[in-house]
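Okay, structure first, notes after.
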Amino acid sequence: MKPTFATAYRDAGCGMLDGEWVGRSVTVSGWVHRRRDLGGLVFIDLRDRYGRLQLSFGPDWTEDEALELVTDLNPEDVVRIEGDVARRPAEALNPDMATGEVEVRVRRLERLTEADPLPILVAYPPEEPLASEELRLRHRVLDLRRPEMIRNFEIRHQATMAARRALGDEGFVEVETPLLTRSTPEGARDYLVPSRVHAGMFYALPQSPQLYKQLLMTAGFDRYFQIARCLRDEDLRADRQPEFTQIDVEMAFVEEEDVYGVAERMFARMWTDALGERLDTPFVRLTHAEALERYGTDKPDLRIAWELRDFTPALAGIGFGIFDGAVKAGGRVRGVVASSGATLSRAKLDAYNDLAQRQGAKGALWLKRTENGWSGPPARVVGEEVGQRLANEYGIDVGDLVLLVAGTDQESAPALDALRRAAATDLGAVDSESGHWLWVVDFPLFESDPETGQPVPAHHPFTMPRTAGPEELREDPLAVTARAYDVVYNGWELASGSIRCHVPELQQAILGAIGFSSAEIEQRFGFLLEAFRHGVPPHGGYAVGMDRVVALMVGATSIRDVIAFPKTTAARGLLEGSPSPISAEELKELGIRIEGKG
């Protein structure tokens, strides 16, 4: 028998009644979703988390008090009813509702609580746009009642449980790690918590459980996971929040292939249990260098078949100043062939030029191959020989468009990635019917800080180099490759991980390469290095951005739609009014004095 979650207020959820309940007397409770008055008959759609149920009120079966009360009900009043389940007439069946073949003919009605006039709707007519996000976040409790939002969290729950089952079946143990810890560099600013007991000292809220999970490997917990809350004080976007959830996984005595297998099986279980879809494994593999060369990004969207091409051999030296100048300065001319893109308007091409500039390039140029030859800014120097070479070597057909960016790879790659995605969207070249998974592997260990030029970790500073030792790290850190990897799905990074550095001397060299002195290393990371000196196994793992995963599962455009009580892009909680001032007495007790704002 199906579960009904019966309580003193209901025999089943609103969405659970079907034809098997016909003829039974039931008690049901929920929120008034909609009311329809049809002369002598009144119909109410009653709603709860499980769905909607039609209630009918009529003089032949409803008590007088209930007939009087039903006309006074407000949207979102909470009611309890008693009545009989009946089959709807054939002409009144609703195949779009799970309960569409039945209704409850109400005998008694009790209003449990009365709702004030609503600041936002819960039951939106199809033609009615949603209230602004700011208003919906201010009244998040009402927004969460929408069936679409409830579905998001049902899928989130199923995906989370599937991850737990998948990892549990493979011998992983769930271990909670501290939320009050010490400040360590992990790529963003820490949220700090003042200590009342230890005046003048602060805890840090964890950006991730990175060091603790490595300590657990050293402690002998060879397979750990945690559904972890992480906190980072950084600028926010639609896919970024100050507090977020990740599936954190670590395992000992492993190499990359071991980690890939566990992660792929976990994702496959999540997609099957939550969405009923099957994932093909193993995922595609691309090195970081290949991804940048072929797609201009380390998170390529493989639903788009187009790849970037190096047009330097064909277009350098033909007398077009922008191309020749870029190549002379050590750059290249790269581009993407947009199939059937010659139909795009000049206004759209101008918009692509603006898009490239916003990504840091000097601009984007274009060439169209038409029945009458080539058109576009470089067309005047594209003679018959160059034109034939473009057509033959680069597969450019009549009706195709070539989008070109000249400059260094650092300048051109982000612009070409953005142009590839934008043109594919505009031309309908994104295969929206399929999902494409891949591992991007062999990241650099360090990147150059754009402002200082100093090395900064590409992932985090606890990643194992592929081959380099301490001396190579000191001599040329930017040339070192890491044993790091990302999971990418349809152009979104969903997980990131690495084989960890478990060699104390090598870990010290990595920390030294990003500017820490020996004294600072000992002060901030001595506890980790000391543990390593007592016997540490090789280990590695990954962390999954759970909010992003669920947002993609449900088709949401923002992770705020899959977080119950999110912050705005200004890091404010509009429902509860956070952050908020603290009284002078509390500040004094913590030994804190606010000297000014800024």
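Quick notes
- Odd one out for Glu475 among (1) surrounded by fewer than 14 Cβ atoms within 10 Å (Cβ to Cβ); (2) touching a Lys or Arg at 6+ places or on another chain (Cβ under 9 Å): (2)
- Residues within the range 135-161 that are under 18 Å from the mean Cα position of the chain (by Cα) and open to solvent by less than 10 Å² (accessible area, probe 1.4 Å), tallied: 2
- Among the numbered conditions (1) of a type outside the set (Asp, Glu); (2) crowded, with 17+ Cβ neighbours inside 10 Å; (3) in contact (Cβ under 8 Å) with a residue 60 or more places away in the chain; (4) closer than 16 Å to Ala413 by Cα, the only one that Asn353 does not meet is (3).
- Test: residue in the range 261-270 that is over 18 Å from Arg164 (Cα atoms), more than 15 Å from the chain's Cα centre (by Cα) and surrounded by fewer than 17 Cβ atoms within 10 Å (Cβ to Cβ): no
- Pairs, first within 21 Å of Met464 (Cα to Cα) in the range 433-448, second among the charged types (D, E, K, R) and assigned to a strand (DSSP E or B), C-beta under 7 Å, six or more apart: Trp439/Arg285; Val440/Asp486; Val441/Arg285
- Taken over the range 1-40, the residue count meeting the criterion of being part of a strand (DSSP E or B) and either among the charged types (D, E, K, R) or at pLDDT 95 or above (or both) is 15.
- Failed condition for Val104, given (1) in a loop (DSSP other than H, G, I, E, B); (2) open to solvent by less than 40 Å² (accessible area, probe 1.4 Å): (1)
- When the range 246-257 is filtered for residues that are charged (D, E, K, R), touching a residue at least 24 places away in the same chain (Cβ under 8 Å) and surrounded by fewer than 22 Cβ atoms within 10 Å (Cβ to Cβ), the ones remaining, listed by number, are Glu255, Glu256.
- Condition broken by Asp190, with the remaining ones in (1) within 30 Å of Tyr542 (Cβ to Cβ); (2) over 23 Å from the mean Cα position of the chain (by Cα) satisfied: (2)
- Within the range 8-36, if we keep just the residues that are acidic (Asp, Glu) and touching a strand residue (DSSP E or B) at 6+ places or on another chain (Cβ under 8 Å), the residue that is most open to solvent (accessible area, probe 1.4 Å) turns out to be Asp11.
- Every residue from the range 58-93 that is part of a loop (DSSP other than H, G, I, E, B) and surrounded by 14 or more Cβ atoms within 10 Å (Cβ to Cβ): Gly58, Trp61, Thr62, Glu63, Leu73, Pro75, Glu76, Asp77, Arg88
- Residue list for the range 291-313, filter: of a type in the set (Phe, Trp, Tyr) and part of a loop (DSSP other than H, G, I, E, B): Trp306, Phe311
- Residues of the range 242-280 that turn out to be of a type in the set (D, E, K, R), farther than 22 Å from Leu445 by Cβ and part of a loop (DSSP other than H, G, I, E, B), as a count: 3
- Counting the residues of the range 314-337 that are free of Cβ contacts under 8 Å to residues at least 60 places away in the same chain and either assigned to a strand (DSSP E or B) or in contact with an Asp or Glu (Cβ under 8 Å, 6 or more places away or on another chain) (or both) gives 2.
- For the criterion of being buried (at least 18 other Cβ atoms within 10 Å of the Cβ) and either of a type outside the set (Asp, Glu) or over 18 Å from Asp298 (Cβ atoms) (or both), Pro450 fails.
- Residue check: Pro504 meets all listed conditions (1) modelled with pLDDT of 95 or more; (2) of a type outside the set (Lys, Arg); (3) touching a Phe, Trp or Tyr at 6+ places or on another chain (Cβ under 7 Å); (4) farther than 20 Å from Asp449 by Cα but one, namely (1).
- Any hit, the range 485-497, residues being within 26 Å of Phe527 (Cβ to Cβ) and open to solvent by 40 Å² or more (accessible area, probe 1.4 Å): no
- Test result for Ala92, at pLDDT below 95 and closer than 27 Å to Arg572 by Cα: no
- Gln410 being more than 29 Å from the chain's Cα centre (by Cα), open to solvent by 60 Å² or more (accessible area, probe 1.4 Å) and at pLDDT below 95: no
- Candidate set from the range 380-405 (those that are of a type in the set (A, V, I, L, M, F, W, C) and open to solvent by 20 Å² or more (accessible area, probe 1.4 Å)); member that is nearest to Phe311 (Cα to Cα): Val386
Conditions (1) surrounded by fewer than 19 Cβ atoms within 10 Å (Cβ to Cβ); (2) farther than 30 Å from Ala484 by Cα; (3) in contact with a His (Cβ under 9 Å, 6 or more places away or on another chain), marked per residue:
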position: Glu293; (1), (2), (3): yes, no, no
position: Arg303; (1), (2), (3): yes, no, yes
position: Arg309; (1), (2), (3): no, no, no
position: Phe320; (1), (2), (3): no, yes, no
position: Phe323; (1), (2), (3): no, yes, no
position: Gly335; (1), (2), (3): no, no, no
position: Thr343; (1), (2), (3): yes, yes, no
position: Lys362; (1), (2), (3): yes, yes, no
position: Trp374; (1), (2), (3): no, yes, no
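- Of the residues making up the range 383-393, those that are out of contact with any helix residue (DSSP H, G or I) (no Cβ under 7 Å at 6 or more places or on another chain) and not charged (D, E, K, R) are Gly383, Gly387, Gln388, Ala391, Asn392.
- Cross-chain or 6+ apart pairs with Cβ under 9 Å, the range 277-288 first and over 15 Å from Val488 (Cβ atoms), then open to solvent by 30 Å² or more (accessible area, probe 1.4 Å): Glu277/Gly435; Arg278/Thr272
- Of the residues in the range 281-290, none is at pLDDT 95 or above, in a helix (DSSP H, G or I), buried (at least 18 other Cβ atoms within 10 Å of the Cβ) and touching a helix residue (DSSP H, G or I) at 6+ places or on another chain (Cβ under 9 Å).
- Restricting the range 1-53 to residues that are touching a helix residue (DSSP H, G or I) at 6+ places or on another chain (Cβ under 9 Å) and basic (Lys, Arg), the residue that is nearest to Ala98 (Cα to Cα) is Arg52.
The values are calculated or read from the model by the stated rules, or taken from the named source; none is laboratory data. Keep in mind it's a predicted model, so treat the numbers as computed, not measured. Glycine gets a Cβ as well: all are built from the backbone with ideal geometry, and neighbour counts include every protein chain shown. Each accessible area value is taken on the protein alone, full model and side chains, heavy atoms only, with ligands, DNA and RNA left out. Shrake-Rupley method; radii C 1.70, N 1.55, O 1.52, S 1.80 Å.
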